[in-house]
């Protein structure tokens, strides 16, 4: 088997790794908003006010990030989170300028497309969804 064929065979497992790493970082964004853990990430520190936009974003990021981290209901969670990141980009970041590196929207744009990809491609073989399919 060639190196190229071996590398291609690893693609589903690398998709699982991408999902786990991206979901962990996404989860941290949510816990930062809701609990100021591991640190406060809101402009004035502290936590998001209940029922504010940041609070709803924190809920989606914490719950959705947790689901994606373990790979449970992955396609649905990823689709919802992709939409959340599209809204975040156009509602918050795009108003500050065209270029994502200037308007602070790089993370929102990347997460939007990572989650859109995950919603189409699935979570990979190392997930609770894959385990549920085998059972």
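Any read-out appearing in this document is the output of simple, stated calculations on the displayed coordinates, not a laboratory observation. Just so we're clear, the structure is a prediction, and the values are computed from it rather than from any experiment. Note that each Cβ is placed from the backbone with ideal geometry, even for glycine, and that neighbours are counted across all protein chains shown.
Among the residues of segment 80-135, those that are crowded, with 19+ Cβ neighbours inside 10 Å and part of a loop (DSSP other than H, G, I, E, B) comprise 105, 122, 123, 124, 127.
This table checks each residue for (1) surrounded by fewer than 20 Cβ atoms within 10 Å (Cβ to Cβ); (2) touching a strand residue (DSSP E or B) at 6+ places or on another chain (Cβ under 7 Å); (3) in a helix (DSSP H, G or I).
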| position | (1), (2), (3) |
| --- | --- |
| 16 | yes, no, yes |
| 26 | no, no, yes |
| 34 | yes, no, yes |
| 38 | yes, no, no |
| 54 | yes, no, yes |
| 67 | no, no, yes |
| 77 | no, no, yes |
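On the phi > 0 side of the Ramachandran plot, in contact with a helix residue (DSSP H, G or I) (Cβ under 8 Å, 6 or more places away or on another chain) and crowded, with 16+ Cβ neighbours inside 10 Å: does that describe residue 71? Considered against the rule, which asks whether it is on the phi > 0 side of the Ramachandran plot, in contact with a helix residue (DSSP H, G or I) (Cβ under 8 Å, 6 or more places away or on another chain) and crowded, with 16+ Cβ neighbours inside 10 Å, residue 71 comes out as yes. Taken over segment 43-52, the criterion of being farther than 14 Å from residue 88 by Cβ and surrounded by 15 or more Cβ atoms within 10 Å (Cβ to Cβ) is satisfied by 47 alone.
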